[in-house]
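Participant: I am attaching a structure below and will ask some questions about it afterwards.
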Amino acid sequence: MRYVSARDLKPGMILSSNLYDDNEKILLKSNTVLTQPYINRILMHDFDGAYIFEKDDINTARQIVSNETRIKAINKLKKLDINACQFLANSIVNEVQNAESLIIEQITLSSYDNYTYIHSVNVDVLSVIIGIGMGLRNEELELLSQAALMHDIGKCDVPIEIINKPSKLSQEELTVMKKHPEYGLIRLRDKVKQDGEDVAAVVKNAVYSHHENWDGSGYPRGLEGEKIHKFARIIHVADVYDALTSKRAYKDSMNPADAIEYIMANSGTMFDREVASTFIKYVAPYPAGCRVLLSTGQQGTILENHPKQLSRPKIKLESGSVLDLMKKLDVTILQILNN
Ligand SMILES: [Fe+2]
């Protein structure tokens, strides 16, 4: 399935999840074939977009968090509804805890204009998984989830031309972009003035610090090591991984194996080693369905990953036979093939 922004929806597309209005009433049901009046209704309710079925969805990898929750979170982020985001962040923890497996095997390609929101939800799910792997308690997971979901909320105060610029940012534009953690902190801090309810201090701290690097080379404060809050260190890994594997107007997506390599290569400098080593236990370098080249010269498609040994999946070869790399230790995967 694919996330399509509201203005790109076309009659004939099929919804792959329910859409709810602001009062939590079903607006359109999953499997609805879109017509122009339905699309008008989606636009009228100011939805950012919807998940749509695609032809090759029969073997879609299982979902860790439902599309319904994803859509709700995307729309609440768009509307800057911090209360609703906090509530949804807690639902996301719940769904992740109840998922049958926490292995991330999906490559979601985001379209450009709604990138920030989808990215925020992906970062949230991955952060919660890492948090579970690091043994965080339930209350901590909920706060981590809130911070991860809203980590880029300050981007709403960065001019849209800079956010959506299809090429490299100039030095001046980069300086403005780098203010988004601070803007995010201000947004969360100001919430108490609106409804009297404060956002937890650790959530504000993590949002403010999600671009700090372990070695002190990050921003905005250049904090080092454990002076950076643990939640921010987790979000940082999840954020960079999702950004690398996403396609943007100015860059192609990196495949999961290469992006994992990047995270590990920068472990101890950009990233906290403990976070990076927990992260690799949950993210499959070779997701089911991707084509690979083997050291034997054969090509094949990843059939299934072994949850405890993600670098040694089962592969369906072109001949039709299945090769289990756990049983064939002399064979290695050389690379992911793009077509
Ligand atoms: Fe950010």
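The values are calculated or read from the model by the stated rules, or taken from the named source; none is laboratory data. Treat the numbers as computed from the prediction; the structure is a model and nothing was measured. We place every Cβ from the backbone using ideal geometry, glycine too, and count neighbours over all the protein chains shown. All accessible areas refer to the heavy atoms of the entire protein, side chains included, with ligands and DNA or RNA removed. Shrake-Rupley method; radii C 1.70, N 1.55, O 1.52, S 1.80 Å.
Participant: Take residue 91 and tell me if it is in contact (Cβ under 8 Å) with a residue 12 or more places away in the chain, within 16 Å of the ligand (Cβ to nearest atom) and part of a helix (DSSP H, G or I). Spell out the reasoning first.
Facilitator: On the way: in contact (Cβ under 8 Å) with a residue 12 or more places away in the chain: yes; within 16 Å of the ligand (Cβ to nearest atom): no; part of a helix (DSSP H, G or I): yes.
No: the conditions fail for residue 91.
Participant: Separate question: Please enumerate the residues belonging to the range 1-20 that are assigned to a loop (DSSP other than H, G, I, E, B) and open to solvent by less than 30 Å² (accessible area, probe 1.4 Å).
Facilitator: Of all residues in the range 1-20, those assigned to a loop (DSSP other than H, G, I, E, B) come to 1, 9-13, 16-18.
If the condition is that a residue be assigned to a loop (DSSP other than H, G, I, E, B) and open to solvent by less than 30 Å² (accessible area, probe 1.4 Å), then 9, 16, 17, 18 are the ones that fit.
Participant: Does residue 38 satisfy the condition of being crowded, with 16+ Cβ neighbours inside 10 Å, of a type outside the set (Val, Ile, Thr) and either part of a loop (DSSP other than H, G, I, E, B) or at pLDDT 90 or above (or both)? If you could, list the steps in order and put the result at the bottom.
Facilitator: Numbers: crowded, with 16+ Cβ neighbours inside 10 Å: yes; of a type outside the set (Val, Ile, Thr): yes; either part of a loop (DSSP other than H, G, I, E, B) or at pLDDT 90 or above (or both): yes.
Yes: the conditions hold for residue 38.
Participant: Count, please, the residues in the range 189-244 that happen to be away from the ligand (no atom under 16 Å from the Cβ), aromatic (Phe, Trp, Tyr) and not in a loop (DSSP other than H, G, I, E, B).
Facilitator: 0
Participant: Any idea how many residues of the range 154-181 are in contact with a Phe, Trp or Tyr (Cβ under 8 Å, 6 or more places away or on another chain) and within 11 Å of the ligand (Cβ to nearest atom)?
Facilitator: Taking the range 154-181 and keeping what is in contact with a Phe, Trp or Tyr (Cβ under 8 Å, 6 or more places away or on another chain), we get 154-158, 164-168, 178, 181.
With the extra rule that they be within 11 Å of the ligand (Cβ to nearest atom), the set shrinks to 154-155, 158, 178, 181.
Residues in the range 154-181 being in contact with a Phe, Trp or Tyr (Cβ under 8 Å, 6 or more places away or on another chain) and within 11 Å of the ligand (Cβ to nearest atom): 5 in total.
Participant: Ok, one more. Would you call residue 118 over 18 Å from residue 201 (Cα atoms), at pLDDT 95 or above and not acidic (Asp, Glu)? Show your work before the answer.
Facilitator: Working: over 18 Å from residue 201 (Cα atoms): yes; at pLDDT 95 or above: no; not acidic (Asp, Glu): yes.
The answer is no for residue 118.
Participant: Here's a check for you: in the range 144-188, which residue that is without any contact (Cβ under 8 Å) to a residue 12 or more places away in the chain and in a helix (DSSP H, G or I) is surrounded by the most Cβ atoms within 10 Å (Cβ to Cβ)? Don't jump to the end; show me each part of the working.
Facilitator: Start the filter on the range 144-188 by keeping residues that are without any contact (Cβ under 8 Å) to a residue 12 or more places away in the chain, which leaves 160-161, 169-175.
Still in the running and in a helix (DSSP H, G or I): 160-161, 171-175.
Values: 160: 10, 161: 8, 171: 6, 172: 9, 173: 15, 174: 11, 175: 10.
Once the filter is applied, the top-ranked residue is 173.
Participant: If you don't mind, there's one more thing I want to ask. So which of 295, 217, 253 is under 22 Å from the mean Cα position of the chain (by Cα) and of a type in the set (Gly, Ala, Ser)? It would help to see each step written out before you state the result.
Facilitator: On the way: 295 fails: under 22 Å from the mean Cα position of the chain (by Cα); 217 fails: under 22 Å from the mean Cα position of the chain (by Cα).
From the options 295, 217, 253, the qualifying one is 253.
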